[in-house]
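Here's a structure for you.
The values are calculated or read from the model by the stated rules, or taken from the named source; none is laboratory data. Quantities reported herein were computed from a predicted structural model and do not represent experimental measurements. Note that each Cβ is placed from the backbone with ideal geometry, even for glycine, and that neighbours are counted across all protein chains shown.
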Amino acid sequence: MMERIYEKIKTYMDRAVALKRALALFEWDNETLAPVKAGEETSRIIGTLSGEYYGIMTDPCLKELTEEWGGQMQEGEIRMACVSLLREEMERLTAIPREEYEANARLTAKAGAVWAEARRKNDFSMFAPVLKEVLGYQKRFARYQAKAGQKLYNVLLDQYEKGFDMEILDGFFGRLKSELVPFLKRVMEEGRQPDDAFLQGDYPEEKQEQLARMTAEYLGFDFERGVLEVSAHPFTTSLHNRDVRITTHYKDRMDSSLFSVIHEAGHGLYEMGIGDELTLTVAGEGASMGIHESQSRFFENIIGRSMAFWKPFYPRVRSIFPEQLANVTTEQFVRAVNRVEPGLIRTEADELTYSLHILVRYELEKALIEEDMPVELLPEAWASQYEAYLGIRPQKDSDGVLQDIHWSQGSFGYFPSYALGSAFAAQIYEGMKKKIDVEGALERGEIGVIADYLQKNIHRYGRTKTSRQLLIQASGEDFEPDYYISYLKEKYGKLYGLKEDS
Ligand code: ZN
């Protein structure tokens, strides 16, 4: 009996998952290969497919089936996870009237172009009216979905990182503010800046591509189950665990693509590592945005910017660029790729200042959603926050409030997961070091040992466990931001030759 009910639920799930994957493929195509004029017509296909997805997920028959199945908790763990994930998504969507759901989809499809134009013209006032509308939908949807007494911003945060509400995030960002802002000041005032001029120069694209492939492969990215393409902004898309796609971009600065590839390969390994029994179910994805970012940032920063990683690998990089790197030692290279410099642009930020960029966005999102701050005040608020936390002030909106696409897409509550990802990564690293000799493995070029640990403790579970459960499993304890703060202080204190006091 239960078997038959699950089989019926599964037909809904299969259709929903297939539509989501089709949408992901369109998104991939849009960013990589689609011709410029494809936008308008393709967005209609996307609109129709999104509508179909909404229809499946809000079908009253599915609701009935999940209720019928509900009592039988002894069914397998995977089935239970799938049904409860379906139920959550169903509740989230049915709370929103279909007309509003579709109107919002049309609005956000259009808002991206308005944002891009405003950014190009460096004019926030062009974007403000659309942003106000997008924000209006997000607040309304949050109001529909909120449980009794739940704050609206907490509803939004929950979509990306379940269980991490403002109370926890205020504590987390409060620590970052009180510890990292003064520490950054010390680094800039007392530290010894490394020379990184050699990273910029004549690095031919085909050589950079060779390096990108070699690096991804070195990390364990399987090119028989994945591809590497070029796009304006690097990202990862996955259809299932045997079709994982990452992108990079090639710039004059060779470390830009190199670290993008390491970052995306971290996302890619996660997707490839999801269990066969889960892939193509609703549980066959990363557990949360924060956990996904923890994997990419673990590889990009903790592993990828460490001395131990480059010891065996840097000679291979130099063999691709023998002239450009002729006089650069491994140590000089490692110091250069760890150069700290407060800047205006988040995506170009170094490891130490990165989360301060997120701190600004977190505080502004809270003000917009919880305090109803008018969007017109954003440019000025943005600039003052940058001045306060990073010590620099944007002179134009395109270097300030207009730099990220996220808000145009209605993604409020998403930014904090970037900072959480970094903090999760540092905590997982601590846990991993108790179980395996990470530095030794890196020095011997045995990345597989590390990737294996992550696969066994995190990747294979997909969404059957929450970010909290995975964190406890991989590190031995619940979320503790201090690991991240002490990791940063120790690493950059050493790299910048600061005296050990503070
Ligand atoms: Zn990422």
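Restricting to region 232-244, give me the number of residues that are touching an Asp or Glu at 6+ places or on another chain (Cβ under 6 Å) and more than 12 Å from the ligand (Cβ to nearest atom).
2
Can you list the helices (runs of 4 or more DSSP H) found entirely within region 53-172 that contain at least 3 residues being closer than 19 Å to residue 14 by Cβ?
60-70, 77-94
Based on this model, can you work out whether residue 147 counts as surrounded by fewer than 18 Cβ atoms within 10 Å (Cβ to Cβ) and more than 30 Å from residue 38 (Cα to Cα)?
Yes, satisfied.
Before we move on, is residue 404 of a type in the set (Asp, Glu), more than 16 Å from the ligand (Cβ to nearest atom) and part of a loop (DSSP other than H, G, I, E, B)?
Spelling it out, it is not the case that residue 404 is of a type in the set (Asp, Glu), more than 16 Å from the ligand (Cβ to nearest atom) and part of a loop (DSSP other than H, G, I, E, B).
Look through region 1-28, keep the residues that are modelled with pLDDT of 90 or more and among the acidic types (Asp, Glu), and return whichever of them is surrounded by the fewest Cβ atoms within 10 Å (Cβ to Cβ).
7
Residues that are assigned to a helix (DSSP H, G or I), touching a Ser or Thr at 6+ places or on another chain (Cβ under 6 Å) and crowded, with 20+ Cβ neighbours inside 10 Å: does region 194-217 have at least one?
Yes, some residue in region 194-217 is assigned to a helix (DSSP H, G or I), touching a Ser or Thr at 6+ places or on another chain (Cβ under 6 Å) and crowded, with 20+ Cβ neighbours inside 10 Å.
Something else: Among the helices (runs of 4 or more DSSP H) lying completely within region 245-333, list those that include at least 3 residues that are farther than 14 Å from residue 211 by Cα and away from the ligand (no atom under 16 Å from the Cβ).
307-320
Same structure again: Among the residues of region 174-193, is there at least one that is loosely packed, with under 14 Cβ neighbours inside 10 Å and modelled with pLDDT under 95?
Checked region 174-193: at least one residue is loosely packed, with under 14 Cβ neighbours inside 10 Å and modelled with pLDDT under 95.
Matching residues to (1) modelled with pLDDT of 95 or more; (2) under 18 Å from the mean Cα position of the chain (by Cα):
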residue: 203; (1), (2): yes, no
residue: 214; (1), (2): yes, no
residue: 252; (1), (2): no, no
residue: 258; (1), (2): yes, yes
residue: 286; (1), (2): yes, yes
residue: 289; (1), (2): yes, yes
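Under 6 Å between Cβ atoms, at least 6 apart or on separate chains: pull out the pairs that start in region 253-276 with a residue that is touching a residue at least 60 places away in the same chain (Cβ under 8 Å) and end on any residue that is within 12 Å of the ligand (Cβ to nearest atom) and part of a helix (DSSP H, G or I).
Filtered contacts from region 253-276: 259/300; 270/295.
If I go through region 458-492 residue by residue, how many of them are within 16 Å of residue 421 (Cβ to Cβ) and assigned to a helix (DSSP H, G or I)?
The qualifying residues number 12.
Taking the conditions exactly as written (over 13 Å from residue 291 (Cβ atoms), within 16 Å of the ligand (Cβ to nearest atom), surrounded by fewer than 23 Cβ atoms within 10 Å (Cβ to Cβ) and hydroxyl-bearing (Ser, Thr, Tyr)), does residue 398 satisfy them or not?
no
Which is more than 23 Å from residue 335 (Cα to Cα), among the small types (Gly, Ala, Ser) and within 16 Å of the ligand (Cβ to nearest atom), of 462, 448, 421, 476?
Going through 462, 448, 421, 476 in turn, just one is more than 23 Å from residue 335 (Cα to Cα), among the small types (Gly, Ala, Ser) and within 16 Å of the ligand (Cβ to nearest atom): 421.
Table: residues versus (1) under 30 Å from residue 21 (Cβ atoms); (2) buried (at least 19 other Cβ atoms within 10 Å of the Cβ); (3) touching a Cys at 6+ places or on another chain (Cβ under 6 Å).
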site	(1), (2), (3)
286	yes, yes, no
310	no, yes, no
325	no, yes, no
329	no, no, no
339	no, no, no
363	no, no, no
371	no, no, no
